[in-house]
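Quick notes on the structure that follows.
The values are calculated or read from the model by the stated rules, or taken from the named source; none is laboratory data. It should be emphasised that the depicted structure is a prediction, and the values quoted were computed from it without experimental measurement. Ideal geometry is used to build each Cβ from the backbone, glycine not excepted, and the neighbour counts take in all protein chains shown.
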Amino acid sequence: MKLNRLTPEEERVIVHKGTEMPFTGEYDEFWKEGTYVCRRCGAPLYRSRDKFDAHCGWPSFDQEIEGAVKKLPDPDGMRTEIECARCAAHLGHVFTGEHITEKNTRHCVNSISMKFIPKGKEKDEK
């Protein structure tokens, strides 16, 4: 598997499980149609139709592309971490029970962990 080179800040979040500051990521207030892919390996993660404004400071999705995201207990013992299922890149955390959407799920994702591919430019998604 080919992995993209990361900047030091991307590596801090994606490899070392950091978090970008809230309300600073390029995809927080971003509403174009397309697909969000893993910045490290390019695997499709989320579709724009599943993105919503949770007013939390990070891009939020109520559903991932099937099989794209792995959920793990966070070392803090309180949260659930989410990773790219293909390359284990740290994406953020998933929360349930907040009743923000009908799906009752919020994937809170670091913008820096993703890249946006506009509608029509995506590769074949399975």
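Summary table
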item: Any hit, region 37-53, residues being acidic (Asp, Glu) and without any contact (Cβ under 8 Å) to a residue 60 or more places away in the chain; result: yes
item: Residue in region 19-40 that is closer than 11 Å to Asn110 by Cα and among the aliphatic types (A, V, I, L, M) present; result: yes
item: In region 40-92, residue nearest to the chain's Cα centre (by Cα) [restricted to those that are farther than 17 Å from Ile14 by Cβ and among the aromatic types (Phe, Trp, Tyr)]; result: Phe61
item: Search result, residues across region 1-34 that are outside any loop (DSSP other than H, G, I, E, B) and under 14 Å from Pro118 (Cα atoms); result: Gly34
item: Test: residue in region 93-110 that is surrounded by 12 or more Cβ atoms within 10 Å (Cβ to Cβ), touching a residue at least 60 places away in the same chain (Cβ under 8 Å) and more than 11 Å from the chain's Cα centre (by Cα); result: no
item: Every residue from region 64-84 that is crowded, with 18+ Cβ neighbours inside 10 Å and among the small types (Gly, Ala, Ser); result: Ala68
item: Where a residue in region 66-89 is under 16 Å from Lys115 (Cα atoms) and modelled with pLDDT of 95 or more and its partner, wherever it lies, is assigned to a strand (DSSP E or B) and of a type in the set (Phe, Trp, Tyr), with Cβ under 9 Å and at least six apart; result: Ala68/Tyr46; Val69/Tyr46
item: Test: residue in region 43-63 that is among the aliphatic types (A, V, I, L, M), out of contact with any helix residue (DSSP H, G or I) (no Cβ under 6 Å at 6 or more places or on another chain), more than 14 Å from Gly92 (Cα to Cα) and crowded, with 17+ Cβ neighbours inside 10 Å; result: yes
